[in-house]
Structure formats: structure tokens, C-alpha cells
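Have a look at the structure below, then the notes.
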Amino acid sequence: MDRVSAQKLTPPAAYLSVIVNRVPVQLSLDRISCFENRLHKVYATLTDGSVIAVSQKLSTILEELSGQPVFLRCHQSYIVSLTHVRTLEDSCFQMEDGTSIPISRAFYKEAKNAYYHYRLR
């Protein structure tokens, strides 16, 4: 009875549908650390350290993530998951895995507000 009630009462995990090597893939939003646009390709960095090349534009991915407040565009080439940000510094986010994600001047005010609102909730 406990197992059935847990399955029915817990909300379904959120996923993002992406195309990897011409194959549709469901990525769990919990596993995504950031997206990076580099040399006309988008790369998704996962929490386990693996990197997946995605065959979609960064703007398309951002549109699909519009209902998820934890994902934030902090640079023209980056979308970051606030759940995996360790600290906010002057011009970058320090991620849990030790990488630095730059924040452009155009997005800094929005990124700073979103980061502090996320940390205070």
C-alpha cells in the first residue's frame, strides 16, 4: 500500500526532450548542470561530469525550459541550473563541480536577482 501511494502522490520527474545524434532523448532536469553553446553546437553538462552534444539551438532549449525557474540564461552562450551553482562571484557562477560559468554584463542584474531569490526560498 505504501509503494502504491508513494507512486501516486509523488509528482512525476521533470524531463527535457532533446535530440542527440538524431535520436530523441529524455534528460532529467535534476541531472543537468548547464548548457553551453560552442562552435555552433550546444553541449549539456550533466551532474556526473559527462557532456552530451545536443542538436538543437540554445534559444530553442531556453523556450522549452521557460516554465522552469531554476534555469537561467546568464550569458549569450550559457544556460545554468541554479540548483548546481555553489556561489555567485563578480562575473561568474562557481558550479558544484568546480567550473566557472561566465555572466555577461547584459545578464548580470537578472542573474544576481534570480540567484538570490532562489537561495532565499
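Charge dipole (Cα centre; +1 on Lys/Arg Cβ, -1 on Asp/Glu Cβ; no other charges) of the chain amounts to roughly 200 debye. Each Cα pair under 8 Å and six or more residues apart adds its separation to the average, and for the chain the resulting relative contact order is 16 percent.
Annotation: for a label point projected 7 angstrom from Cα along Cα→Cβ of Ser66, residues of segment 43-58 with backbone N closer than 19 Å are 56-58. Using 0.36 nm per residue and subtracting the Cα-Cα separation, the extra length available between Arg119 and Asp90 on full extension is 8.7 nm. Treating each Cα of the chain as an identical point scatterer and summing with the Debye formula, the log10 of I(q)/I(0) at q = 0.13, 0.16, 0.20 Å⁻¹ comes to -0.54, -0.78, -1.12. Between the Cα long axis of helix 105-120 and the first principal axis of the chain there is an angle of about 40°, rounded to the nearest 10.
A Gaussian network model of the chain, with springs between Cα atoms under 10 Å, assigns the largest mean-square fluctuation among His84, His75, His40 to His40. If the cut-off is a Cα-Cα distance under 19 Å, which aspartates and glutamates reach Lys41, setting aside same-chain residues fewer than 8 apart in sequence? Correct list for Lys41: Glu63, Glu64. Around the amide H of Cys92, modelled in the peptide plane, lie the amide H atoms of Ile103, all under 5 Å away and 5 or more residues distant in sequence or on another chain. Each of the peptides 92-98, 114-120 was scored by the mean count of other Cβ atoms within 10 Å over its residues; in descending order, highest first, they stand as 92-98, 114-120. Backbone geometry of segment 56-69 corresponds, through the Karplus equation with coefficients 6.51, -1.76 and 1.60 at θ = phi - 60°, to 3J(HN,Hα) couplings of 9, 6, 5, 5, 5, 5, 4, 4, 5, 8, 4, x, 9, x Hz, x marking Gly and Pro. Taking a straight line from the alpha carbon of Lys112, these aspartates and glutamates sit under 19 Å away, with near neighbours fewer than eight places off in the same chain left out: Glu89, Asp90, Glu96.
Values in this text are rule-based calculations from the coordinates and carry no lab data. Treat the numbers as computed from the prediction; the structure is a model and nothing was measured. All Cβ positions, even for glycine, are placed from backbone atoms using ideal geometry, and neighbour counts span all protein chains on display.
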